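Single-structure report; data block below.
Values in this text are rule-based calculations from the coordinates and carry no lab data. Everything quoted here is computed from the prediction, not taken from an experiment.
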């Protein structure tokens, strides 16, 4: 049975390599792929393998608990990065490749300009890791970046994406490449691209006090800030932002129910009985409250759990995106 699973996963690696080649996301012998077999074993491409024309012999089985396997000189030079990802995250597949447009963009810019709602929903803020060598010599920095997003850019080198399957990992990379292409074309029409939805909120912070994350005082400070915000009030009236939304800390009893009526939070309750419930572990919520991770992106990437239909919640994307911007203005300890 294990043999059959290996054969199927090798087939997926070969097909993914061909797809990357067709999309011009790899060239020559660049890039590498891996997939989890079980808790201990992975399949990974060999060093100097051409992803566009992989054979089964180019894919190696590695036991992450065996010293001999870890020192196999045939595995890709980026094997330390792949192995560390599987040790730190539950994801099943990893793609590392060198997209031309992405590499060119991040060689001169430090962050992405999101010009479409698709970019904002599926990518959010893309972490960028400084890279000074042809191979990743400090994979721990990439691990930290992947805590913020399932996709990270390695400056002057390429990208790394992780997901529960190759298709989803590839979608992230394709979306980023298309985002960069959109930015390039937009600059042909106008050099200075401005997007009011992306601007930082103006004015001083309403409260400089730091709160314990997910305490009642923390959430109440957010409510107060939301109800003073003119943008949310305006968009809430326009889009009839009337619903009940719960945010919950996974593994704990804390649950906060925002009762919205036309853009105002008219009541804050402390139960999880609502049509929409967003829950996540503490480390994910911390990234969200610090402004490093957008909840919509966290949901589409599987970092947060959503009870309710994302499509219905997305109709209020604009005011909710401002709400998430406000999150980071209430400081946490």
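Remarks
- The fraction of Cα-Cα pairs per 10 angstrom bin, counted from 0 for region 205-320, comes to 13, 46, 38, 3 percent, rounded to whole percents.
- Overall shape of region 29-121 was characterised from the C-alpha gyration tensor. The equivalent ellipsoid obtained from it has semi-axes of 29, 17, 12 Å, in decreasing order.
- Cα pair count fraction exceeding 26 Å, expressed as % - the chain: 53
- With Cα atoms as the point set, the radius of gyration and Dmax of region 2-189 evaluate to 16.0, 56 Å.
- In the chain, Cα pairs under 8 Å separated by at least six residues give a relative contact order of 13 percent.
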